[in-house]
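Everything below concerns the one structure shown next.
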Amino acid sequence: MAARLARKHPKPRPLRLALSGFGHVGRRFAELLGGPYGVILRRAGVEPRVTAIATGRHGLAVDPSGLSLPRALALVEDGCSLSPLHQGAPIASTRALVAAAPYDVLVELTPLSPLTGEPATAHVAAALRRGCHAVTANKGPVAHARRRLTALARRHGVRFLHEGAVMDGFPIFNLAERCLRGVTVRGFRGVLNSTTTRILSRMEAGVPFDVALGEAQAAGVAEADPAFDLDGWDAAVKTCALANALMGANLRPADVERASVRDLSAEAVEAAAREGKRWRLVARAERTGGRVTARVAPEELPLGDLLVSSGSDGVLVLDTDLMGEVGLWEGAGGVDQTAYAVLSDLLEIVAPTRR
Ligand SMILES: NC(=O)c1ccc[n+]([C@@H]2O[C@H](COP(=O)([O-])OP(=O)(O)OC[C@H]3O[C@@H](n4cnc5c(N)ncnc54)[C@H](OP(=O)(O)O)[C@@H]3O)[C@@H](O)[C@H]2O)c1
């Protein structure tokens, strides 16, 4: 009887995780790992254990027997270093940790560097070269090096997954890879930057651009340096990640043609609103003559267009050969959805739907 039960419910095998980056997403993931995520992973047959955490300014810690997540969370939330949790010889840097710590999956959650994709790309590559899986919510490695990293993962018999890189946890990459099998994505259009949508919506109501920008900054949704959002870099990095993953392109963010919402006049935005139209920062990619091109620019859209949607952080419409248009609509996205994307990538690693 006991033997039959043990066969039915085999002991979960250990799954050692290294977190590079322990900010909003990393900490939320760690909190949920102690609750529902842990339950879900155990049901999938693994016992998750975080054996390494690296940060930028809060030190790093490795413990092969598993770090205490409540203690790690408390230390970082109090602004302290993780070093009291570290066991063994000192480790000098995240790179050294990624290269030497004991783990099965690297969870890469460092900040995005839009123009280079580093250091996240180097971290992911180092993990894959060691024969460890890598998952990330950072769009940098997907926009700058997806083809190379995917080939590297394949060579080492491991996975490189990145569901959280665009539209938080909304299942774009999983949808295209697992639910649209045999379908070719010919192109896509989307509104992928919520900061510009928020600013344009306020301008439609007659609020001056500078005031709308100040409101977005005060609410913490726009950076102190807003160029990344306004000049289309954020949308360009996302467009590039999508084109590379869904259309097999090999673009870099600098290849995406960009125009800024700063070039739009208040009069143009208000006049469009009076005519029942809306300006939005639209991202587009298409394949012409075997080549994928992409651009991000403000466009005037009729109110009924799928891309004009109130209460949405992002909308993406895929143009496919066998399924026509397939749309994804994201409500309020953020840290919870991105942490979920990490879980969904881990589940794909431990219980793959397809290899
Ligand atoms: N927040 C979201 O809703 C969201 C949504 C989708 C995608 N993402 C992406 O997910 C990633 C993480 O986002 P987040 O909001 O958690 O960022 P965050 O709050 O800024 O946290 C970044 C973390 O990375 C650490 N870090 C910085 N440089 C590092 C390095 N060289 N090595 C190791 N750790 C380093 C930081 O440490 P210190 O704090 O000690 O400097 C911090 O723990 C980003 O790439 C972001 O674009 C986030």
* How many of the residues in region 53-62 are more than 7 Å from the ligand (Cβ to nearest atom) and either of a type in the set (Val, Ile, Thr) or touching a Gly at 6+ places or on another chain (Cβ under 8 Å) (or both)? -> 2
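Just the residues that are loosely packed, with under 15 Cβ neighbours inside 10 Å and more than 10 Å from the ligand (Cβ to nearest atom), please, taken from region 76-95. Lay out the reasoning, then the answer.
Filtering region 76-95 down to residues loosely packed, with under 15 Cβ neighbours inside 10 Å leaves 77-80, 83-84, 87-90, 92-93.
Result: Glu77, Asp78, Cys80, Ser83, Pro84, Gln87, Gly88, Ala89, Pro90, Ala92.
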* Look at Gly66 and say whether it is surrounded by fewer than 19 Cβ atoms within 10 Å (Cβ to Cβ), within 19 Å of Leu343 (Cβ to Cβ), touching a residue at least 60 places away in the same chain (Cβ under 8 Å) and more than 12 Å from the ligand (Cβ to nearest atom). => no
* **Where a residue in region 99-112 is open to solvent by less than 40 Å² (accessible area, probe 1.4 Å) and its partner, wherever it lies, is among the aromatic types (Phe, Trp, Tyr), with Cβ under 9 Å and at least six apart** => Val107/Phe29; Leu109/Phe22; Leu109/Phe29
* Residue check: is Ala273 small (Gly, Ala, Ser), part of a strand (DSSP E or B), open to solvent by less than 70 Å² (accessible area, probe 1.4 Å) and in contact (Cβ under 8 Å) with a residue 60 or more places away in the chain? -> no
* **Subset of region 126-143 [within 12 Å of the ligand (Cβ to nearest atom) and charged (D, E, K, R)]** => Lys139
* Structure fact -> A careful count of residues in region 336-354 that are out of contact with any Gly (no Cβ under 9 Å at 6 or more places or on another chain) and either within 10 Å of the ligand (Cβ to nearest atom) or open to solvent by less than 40 Å² (accessible area, probe 1.4 Å) (or both) gives 3
* Report yes if Val183 is under 19 Å from the mean Cα position of the chain (by Cα) and modelled with pLDDT of 95 or more, otherwise no. => no
* Does Gly117 meet the test of being buried (at least 21 other Cβ atoms within 10 Å of the Cβ), within 14 Å of the ligand (Cβ to nearest atom) and modelled with pLDDT under 95? -> yes
* With respect to the numbered conditions (1) closer than 21 Å to Lys238 by Cβ; (2) open to solvent by less than 20 Å² (accessible area, probe 1.4 Å), which one is the sole condition not fulfilled by Pro298? -> (2)
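The values are calculated or read from the model by the stated rules, or taken from the named source; none is laboratory data. This is a predicted model, so every value here is computed, not measured. Cβ atoms come from the backbone with ideal geometry, glycine included; neighbour counts cover every protein chain shown. We work out accessible area using only protein heavy atoms, side chains counted, and drop any ligands, DNA or RNA first. Shrake-Rupley method; radii C 1.70, N 1.55, O 1.52, S 1.80 Å.
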